[in-house]
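The values are calculated or read from the model by the stated rules, or taken from the named source; none is laboratory data. All figures in this text were calculated on a predicted structure; none of them were measured in a lab. Here the Cβ positions follow ideal geometry from the backbone for every residue, glycine too, while neighbour counts run over all protein chains shown.
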Amino acid sequence: MRMVDLIEKKRDGEPLNNEEIRFFVKEYTEGNIPDYQVSALLMAIYFQNMNEDEAAALTDAMLKSGDTIDLSAIEGVKVDKHSTGGVGDKTTLVLGPLVAAAGVKLAKLSGRGLGHTGGTLDKLESIDGFNIDLSEKAFISQVKKINMAVAGQTKNLVPADKKLYALRDVTGTVPSIPLIASSIMSKKLASGADVICLDVKTGDGAFMKKWDDAKQLSKIMVDIGEAFDKKITAFITRMDQPLGHMVGNRLEVYEAIRCLSKKGPDDLETLCKTIAAHMFKDAGRTQSIDAGMKLAEELLISGKALAKFYEFVEAQDGKLEDLDTFIQTEHVIEYNAKKTGSIKRIKARNIGVVSMKLGGGRQTKEDTIDPMVGIELLKKVGDSVKAGEPVAKIYANGDVSDDIYDDLDDAYIITDETVEKKDIIIDIIR
Ligand code: URA
């Protein structure tokens, strides 16, 4: 088989067959095809798209490029969740303990943040002592014992994705729906869970800016999951403002604890309860999604989900006494509204960038982060504000540069009209 023939076939709009897809993934991963040819193929895929069969074959070939996690030693149904990445997204910190408190097993490998979106591992590591480096054995044994574990990836999962993603990043081919779907799904399938929930963010702060694209991506991922016999649901959720009120690693842990204590915020609580309810139904823990919603509510009210969070932190060596102190930064600065009206949008991307510039995120993989800094949003979309009234608090160590204020000025869109508050979940696809 010759790579140039595959490039020409795709360039001319013809679908690739399984064998052709397996060939280029395997040979590229092993270093036998040069970057320039794979770049040309990726660009052809970007313009000509892939059908469902091709996307499933690509996922399968990528999945088989490396190790997979065997969770069969854990009894019962295992659940996992993935977010396509947002700002203020601390869902795993609430959802994990919530489902584990119901006796459902959550085995989750998470990532670090890069750019304007935060990563779950960085949030967890803002707790003094928290260990995300679990061996596969320790990971499995913790899930067996307390029903949940969240760890960084140790095995060589989906090496094809590492190479392909790096190439896509520098060739303008990241925003291709079949390429994103196969990249995400190959990693989820390699992680070994039976039930998968995907949180597909849409809006300014997300990968998928448009709702239509988010829907297409969700459908294709659900189809791929079903082809691999998984119970899978995609939740299309709003990212036209950050999730919750807190953005920044330790601030988000604090907000997750408040949410687990049934103190809101509403968007985060609704999202976590709804995903949990689908997991309960798919894991056979409840008969229906409605019953799952009730169970999630009870676990929050009774304090069982919060107790599970503390058990989880302790199991991974986090110091519980560290959670008693709120944020300690050199400065806490109020940021005031520029005009009177209703908040129409809070550009999530800008808020993520502000958090990163304060030191809460990485611009390059090598950067170290300051876990304490970030932003607290005092007002959200739909709230009315008066000019000069504080709408956010900046938690900073060191000077706050002028461009941070410029980013915030640009983030808040305030209008004279009344703005309706919208549901966090736009659509559910299963
Ligand atoms: N997240 C991934 O893991 N892969 C993509 O291609 C895009 C987002």
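Assorted remarks:
- Taken together, the criteria place D80 among residues that are acidic (D, E), within 16 Å of the ligand (Cβ to nearest atom) and either buried (at least 17 other Cβ atoms within 10 Å of the Cβ) or at negative phi (or both).
- In the set G66, G96, G86, only one residue is over 22 Å from T29 (Cα atoms), more than 14 Å from the ligand (Cβ to nearest atom) and either hydrophobic (A, V, I, L, M, F, W, C) or in contact (Cβ under 8 Å) with a residue 60 or more places away in the chain (or both); that residue is G96.
Condition check ((1) buried (at least 17 other Cβ atoms within 10 Å of the Cβ); (2) modelled with pLDDT of 95 or more; (3) in contact with an Asp or Glu (Cβ under 9 Å, 6 or more places away or on another chain)) across all residues:
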| site | (1), (2), (3) |
| --- | --- |
| S39 | yes, yes, no |
| L42 | yes, yes, no |
| I45 | yes, yes, yes |
| M50 | yes, yes, no |
| L71 | yes, yes, yes |
| E136 | no, no, yes |
| K144 | no, yes, yes |
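- Long-range neighbours under 6 Å by Cβ, at least six apart or interchain, first residue under 13 Å from A234 (Cβ atoms) within the stretch 202-216, second within 13 Å of the ligand (Cβ to nearest atom) and at pLDDT below 90: T202/M208; A214/M208
- Summed over the stretch 203-219, the residues that are away from the ligand (no atom under 13 Å from the Cβ) and in contact with a helix residue (DSSP H, G or I) (Cβ under 6 Å, 6 or more places away or on another chain) give a count of 3.
- Applying a threshold of 6 Å to beta carbon distances and a minimum spacing of six or more residues, or different chains, the list of pairs starting in the stretch 331-342 at a residue that is in contact (Cβ under 8 Å) with a residue 40 or more places away in the chain and ending at one that is among the aromatic types (F, W, Y) and part of a strand (DSSP E or B) reads V332/Y395.
- In the stretch 160-197, of all residues being over 19 Å from T68 (Cβ atoms) and under 16 Å from the mean Cα position of the chain (by Cα), the one that is surrounded by the most Cβ atoms within 10 Å (Cβ to Cβ) corresponds to C197.
- Selected residue (criterion: nearest to the ligand (Cβ to nearest atom)) from residues of the stretch 176-186 that are part of a helix (DSSP H, G or I) and among the polar types (S, T, N, Q): S183
- So L189, is it part of a helix (DSSP H, G or I), within 13 Å of the ligand (Cβ to nearest atom), closer than 24 Å to I351 by Cβ and in contact with a helix residue (DSSP H, G or I) (Cβ under 9 Å, 6 or more places away or on another chain): no
- Count of residues meeting criterion [over 19 Å from G88 (Cβ atoms) and either part of a loop (DSSP other than H, G, I, E, B) or in the same structural domain as M239 (by TED's automatic domain parsing) (or both)] in the stretch 364-400: 13
Residues are listed down the side, and each one gets a yes or a no for (1) modelled with pLDDT of 95 or more; (2) more than 23 Å from A100 (Cβ to Cβ); (3) outside the structural domain of K344 (by TED's automatic domain parsing):
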site	(1), (2), (3)
G152	no, no, yes
N156	no, yes, yes
G172	no, yes, yes
V195	yes, no, yes
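- Qualifying residue in the stretch 233-250 (condition: in contact with a Ser or Thr (Cβ under 7 Å, 6 or more places away or on another chain), in a helix (DSSP H, G or I) and either at pLDDT 95 or above or of a type outside the set (K, R) (or both)): yes
- Under the condition of being assigned to a helix (DSSP H, G or I) and away from the ligand (no atom under 13 Å from the Cβ), the residues counted in the stretch 118-175 number 18.
- Matching residues, the stretch 321-341, being outside any loop (DSSP other than H, G, I, E, B), of a type outside the set (D, E, K, R) and out of contact with any helix residue (DSSP H, G or I) (no Cβ under 6 Å at 6 or more places or on another chain): L323, H331, V332, I333, N336, G341
- Restricting attention to the stretch 355-389, the residues being of a type outside the set (D, E, K, R) and touching a Leu at 6+ places or on another chain (Cβ under 6 Å) number 2.
- Contact map, the stretch 159-182: first residue within 16 Å of A44 (Cβ to Cβ), second residue within 11 Å of the ligand (Cβ to nearest atom) and β-branched (V, I, T), Cβ cut-off under 8 Å, separation 6 or more or different chains; pairs are L167/T173; R168/V174; V174/I180; L179/T173.
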